[in-house]
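First up is the structure itself, then whatever we jot down about it.
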Amino acid sequence: MKRIFILLNLLILGFLCFAQTGKITGSVKDGSQKTVESATITLHRSKDSAVAKVVLANKDGLYGFENIPDGRYFVSISAIGHTKGYSETFEVNPNNPSITLKTIELIPQLKQLSGVMVISRKPLIEQKIDRTIINVEASVTNVGSSALEVLEKSPGVTVDKDGNISLKGKQGVLVMLDGRPAYLSGSALSDYLKSLPASAIDQIEIMTQPSAKYDAAGNSGIINIKSKKNKQVGFNGSLTANYQQGIYWKSNNSLNLNYRTGKVNVFANFNMNKGNGFQQLDILRRFKDPATKNITAIFEQETNMRNRDLFSTSKTGADYFLNKNTTIGIVATGFTKPAKFSSQSTSFLKNNQSVIDSIVTAQSNINGNWKNGGINFNFRHQFDSTGKEISADVDYLSYRSNDQQNFTDTTYNPDWTLRHQDLLRSKLPSTINIYSAKVDYVQTLGKDVKMETGLKVSHVQTNNEANYFNVFTTGDEVDYSKTNNFYYKEDVNAAYVNLNKQYKKIGVQLGLRYEYTSYSGNQLGNAVRKDSSFTKAYGSLFPTLFVSYQANKDNQFAVSYGRRIDRPDYQDLNPFLFFLDQYTYQAGNPYLQPQFTNNFEITHTYKGFLTTSFNYSHTLNYMNETFEQAKELNGDKSYATVVRKGNIGEKNTGGISISAQVLVAKWWTAILYSNYNFSKFSGRLNGNGELINVDAANLLFNVNNQFRFSKGWTAELSGFYRTKGVEGQIIIQPMGMASVGISKQILKDKGTLKLNVRDLFYTNFPVGDINFENTMAHFENKRDSRVANFSFTYRFGKPIKGAQQKRKVGSAQDEQNRVQVGN
């Protein structure tokens, strides 16, 4: 009993000692009421300013001290790019053991010494716990680049032979512009990103595991391209002029203007890109006997293509601040792209002994104009300082194109004597209208649970015509075997809820999104072909989970899960054949099913510079480009190839990525990224076609060396290398690229001169093999990728003054990325 009594007394004494220690909590924000991440919080004793304890603020600017002995204290806060902040003196005692300090605001630091303005420079890559941020202007070799070329060398991003974007080895990326979808997909998205100059881009955000707030589209995540928008008070802007020289000359130029005063902010961005390039595509096909597998015929084709276009974009808008809590805005966007495209190919058809049977030449000329116009209305109201707010967006976008094409196919005997000639003419008008609206609401539940919820509706209408005419000396005749008119409608309704809570060192985010999709398509037919139609409707739940753990100041862990969907592009559902040349056709697939993917990821960040992540994904109804032999009228296989999207059973992908920013010297920073990815494809094409059972590993290396010298000189040496990989039925051989550039600040740092050369050794072009049915094909596709760029940028305007409000733009999260304009 005596021992028990002593033990109880010791426990009570320990409890009393613990109860007499205090707890201190608080938060830190910058002058514009934004949270300051990773601020250093120091607790000082009041009597001698001695340091009692040091902690770091979390991503929401919150901090806390526990087990603090009785006494008088004050807190100091420091963060890079801000002046130091201090709290009032306070006392911890038994009557006041728990103290919540007032929010401390840090003022952004802007110093001027002897006429020289000292400002912080953005790093090329910022690694956040939920996303990777690329600051485009921080790279010298981005000068003169297109948005697609900037993406191509971004960590974890790869671009295939057709411009399709993959993230960490997985296709199905949702590309957004300023928080709104690009409303384009496939070749149309690729063309747009090729035409968008890097000089018009501020940042690129890469999110492999978006929350439920975002559309569920995008198997591998979201890439958000944020355009430049000046936030400075007064009249400000920048002008960039760029000249490029490859095999052919090119140019892209941009003008950004902003006027901000009182309650009004008006902005305008204009870009003009002169495209002038070429492609050389070489294809070798070998046809096998289905029974003996012996070679029966050989097909060699060489195609030379030229493209010339003038791509002009504009973005104008205004924000009106009704009061400090309410903002309304309007944004108008548009582009026009008159373009000329020509191709000339020569094909040699040979027997199994490589003896020429016939020669076919094909010439194609396309004149077209691609136009777009869109308008966005937005509203935002913040109820109070707790973060309670509501925002809404309404969007309307319209696309118009009207391509006119002329084809000439000529067949010769082996001695080049004329056998026969076919002339074909086509008109391909296309119209796409998109309507979208959404509302989002944010509120704090209790003391520390952040809730986000919202609704979204969207409606899409597309009308694509393909009018083909055989040209004869007696006049034109409609080619009913190729002519068609495809009409498509789609509605997507969605609702979501997202909860976020911080438990000391553990952060938890849980979300659920529901989307209901209904669509219908109608191939209207013609005098020969019957019409056909299809309809489909389905609803799906998309849960998301994100858990982060701050083990200590050096180590942070995160685990995430999300379910995603990729819907077929509108044009990919069109069942009719499109004529590319005599031996190549493109077709839609009305039976194409959406693919669903479950994504898992574990991430570790060490000291903010080294990030390692492990990922795994499982995809059902995997969609990819497929290849098959066309059939003659009697059902026999022909030498022509039909290319169409198809479902390839399932796909399993696992990988590991490592990224690091290493300060090699004061003047040299190396940014390193590597990604190992293993993919396995299994199943049958469209459920009952060719058996697919392949797997392959792929390794990607990306390095960027940034050099900073005195007197405003900077330089860069960067590049990437990707080992052999598999894309469905296609095997892509290793490829890579090296780039080098220099930069100089002039005109008292208001001007910048930059010179760079991309693809220095001319190695960035795809070479690959495709084996399908009775065909073995090998291809090589070169383009005008080695380019020297020279640019001049001039910035004008006043320095930033005061806190700036941030606006939100855009209601859609998926539809625009699935548009294919024209053919």
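The values are calculated or read from the model by the stated rules, or taken from the named source; none is laboratory data. Since the model is a prediction, treat every value here as computed from it, not as a measurement. Methodologically, a virtual Cβ is constructed for each residue, glycine included, from the backbone with ideal geometry; neighbour enumeration extends over all protein chains shown. To get the accessible areas, we keep the full protein, side chains included, count just its heavy atoms, and leave off ligands, DNA and RNA. Shrake-Rupley method; radii C 1.70, N 1.55, O 1.52, S 1.80 Å.
Between Val157 and Lys168, the built amide H atoms are under 5 Å apart, and every one of these is 5 or more places off in sequence or on another chain.
Length available on full extension from Thr386 to Ala268: 0.36 nm per residue minus the Cα-Cα distance, which gives 39.2 nm. For the listed residue pairs Lys337/Lys489; Lys168/Lys489; Lys59/Lys226, the alpha carbons are over 31 angstrom apart in Lys168/Lys489. When you restrict to C-alpha pairs under 8 Å that are six or more residues apart and normalise by the size of the chain, the relative contact order lands at 12 percent.
Per atom type, region 412-467 shows carbon and sulfur on 54% of its accessible surface, probed at 1.4 Å.
Computed from Cα positions, the angle between helix 2-19 and the longest principal axis of the chain comes to roughly 70 degrees.
In this structure, the pairs whose alpha-carbon distance is over 21 Å, taken from Lys29/Lys450; Lys228/Lys450; Lys84/Lys504, are Lys228/Lys450; Lys84/Lys504. Most tightly packed first, judged by the mean number of other beta-carbon atoms within 10 Å of their residues, the peptides 338-345, 753-760 read 753-760, 338-345.
Against the chain, whose longest principal axis comes from its Cα atoms, helix 186-195 is set at around 70 degrees. Split the accessible area of region 621-753 by element, probe 1.4 Å, and carbon with sulfur accounts for 60%. Peptides 571-578, 415-422, 661-668, 711-718 ranked from most to least packed, by the mean per-residue count of other Cβ atoms within 10 Å: 571-578, 711-718, 661-668, 415-422. Ranking Thr410, Ser679, Leu755 by how far each Cα lies toward the positive end of the dipole of the chain (charges on Cβ) leaves Leu755 at the top.
Residues whose amide H lies under 5 Å from that of Phe383, counting only those 5 or more places away or on a different chain, are Lys388, Glu389, Ile390; hydrogens are built 1.01 Å from N in the peptide plane. Under the criterion of Cα pairs below 8 Å and six or more residues apart, the relative contact order for region 582-625 equals 41 percent. For the listed peptides 289-295, 87-93, 328-334, 726-732, a ranking on the average number of other beta carbons within 10 Å per residue, highest first, reads 726-732, 328-334, 87-93, 289-295.
So what is the relative contact order for region 685-774, in percent, with contacts set as C-alpha pairs under 8 Å and at least six apart?
Relative contact order, region 685-774: 24 percent.
In a reduced charge model with +1 at each Lys and Arg Cβ and -1 at each Asp and Glu Cβ, the chain shows a dipole moment near 3460 debye about its Cα centre. Pairs spanning more than 25 Å between alpha-carbon atoms, out of Lys274/Lys371; Lys482/Lys680; Lys170/Lys274: Lys482/Lys680; Lys170/Lys274. Dividing the summed helix terms, -39500 (n - 2.57) for each DSSP H run of n ≥ 4, by the number of residues in the chain produces a 222 nm estimate of -1500 deg cm²/dmol to the nearest 500.
Ratio of Rg to Rh for region 256-414: 1.31 [Cα atoms; Kirkwood radius as inverse mean 1/r over pairs].
Rolling a 1.4 angstrom probe over the protein heavy atoms with all chains in place gives the chain an accessible area of 46 Å² per residue. Taking a straight Cα-Cα cut-off under 17 Å and skipping sequence neighbours fewer than 8 places away in the same chain, the aspartates and glutamates within cross-link reach of Lys501 are Glu37, Asp60, Asp130, Asp448, Glu452.
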